[in-house]
Amino acid sequence: MAQAWDSHVNQLARRDTTWSEITGFISDETLSGKTKRRMAHSLAKRPFSVTMIFTYDEYLYFSYWYKNTIKFGTLSFEFPKIDGSGNAEYRFTSDGAPQYSQTSGKLITCTMDWEEV
């Protein structure tokens, strides 16, 4: 079951958030030498490179939520759909842990990698 996004943290993904259309193909070469492509899963996951800007307080809430509520990204969560309307269920990719950098004053930029579940 997807966890709720922390209500103390904004839900605004920056415009420089990017995504790829489809990933998850496997190419195999048959004995006859032909290349055969198939999907690795029945539904290809769409990777999103998400950038958000937090105030210092939002950063503290987000960090606590990431560590304790979704257990360092092992649980999925609900967030407004990045490439559409409504909500969607996302999870962090295996190498998509949040990376933080301070931009100006008390604003913190957070970049992370998600996939739609």
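The values are calculated or read from the model by the stated rules, or taken from the named source; none is laboratory data. Computed from a prediction, not measured in an experiment: that's the story for all the values here. Positions of Cβ are generated from backbone atoms using ideal geometry, with glycine treated the same way; all protein chains shown enter the neighbour counts.
Take the stretch 63-96 and flag every residue that is more than 12 Å from Trp5 (Cα to Cα), surrounded by fewer than 16 Cβ atoms within 10 Å (Cβ to Cβ) and modelled with pLDDT of 90 or more.
The answer is Lys67, Asn68, Lys71, Phe72, Thr74.
For the stretch 53-62, give me each residue that is charged (D, E, K, R) and surrounded by fewer than 18 Cβ atoms within 10 Å (Cβ to Cβ).
Just the residues of the stretch 53-62 that are charged (D, E, K, R), to begin with: 57-58.
If the condition is that a residue be charged (D, E, K, R) and surrounded by fewer than 18 Cβ atoms within 10 Å (Cβ to Cβ), then Asp57 is the only one that fits.
For Ser27, state whether it is surrounded by 15 or more Cβ atoms within 10 Å (Cβ to Cβ), part of a strand (DSSP E or B), hydroxyl-bearing (Ser, Thr, Tyr) and modelled with pLDDT of 70 or more. Step through it out loud before you land on a result.
Details: surrounded by 15 or more Cβ atoms within 10 Å (Cβ to Cβ): no; part of a strand (DSSP E or B): yes; hydroxyl-bearing (Ser, Thr, Tyr): yes; modelled with pLDDT of 70 or more: yes.
Against the criterion (surrounded by 15 or more Cβ atoms within 10 Å (Cβ to Cβ), part of a strand (DSSP E or B), hydroxyl-bearing (Ser, Thr, Tyr) and modelled with pLDDT of 70 or more), Ser27 does not qualify.
Hey, among the residues in the stretch 97-117 that are assigned to a loop (DSSP other than H, G, I, E, B) and without any contact (Cβ under 8 Å) to a residue 24 or more places away in the chain, which one's farthest from the chain's Cα centre (by Cα)?
From the stretch 97-117, those assigned to a loop (DSSP other than H, G, I, E, B) are 97-98, 103-106, 117; that's our starting set.
Of the ones still in play, those that are also without any contact (Cβ under 8 Å) to a residue 24 or more places away in the chain are 104-105.
Details: Ser104: 24, Gly105: 26 Å.
This residue is Gly105.
Which one is farthest from Pro47 (Cα to Cα), of the residues in the stretch 66-78 that are more than 10 Å from the chain's Cα centre (by Cα) and in contact (Cβ under 8 Å) with a residue 60 or more places away in the chain? Break it down into steps so the answer makes sense when it comes.
The initial filter retains those residues of the stretch 66-78 that are more than 10 Å from the chain's Cα centre (by Cα), namely 66-72, 74-75, 78.
So of that shortlist, the ones also in contact (Cβ under 8 Å) with a residue 60 or more places away in the chain come out as 69-70, 75, 78.
Values: Thr69: 22, Ile70: 19, Leu75: 16, Glu78: 15 Å.
Checking each candidate, the answer is Thr69.
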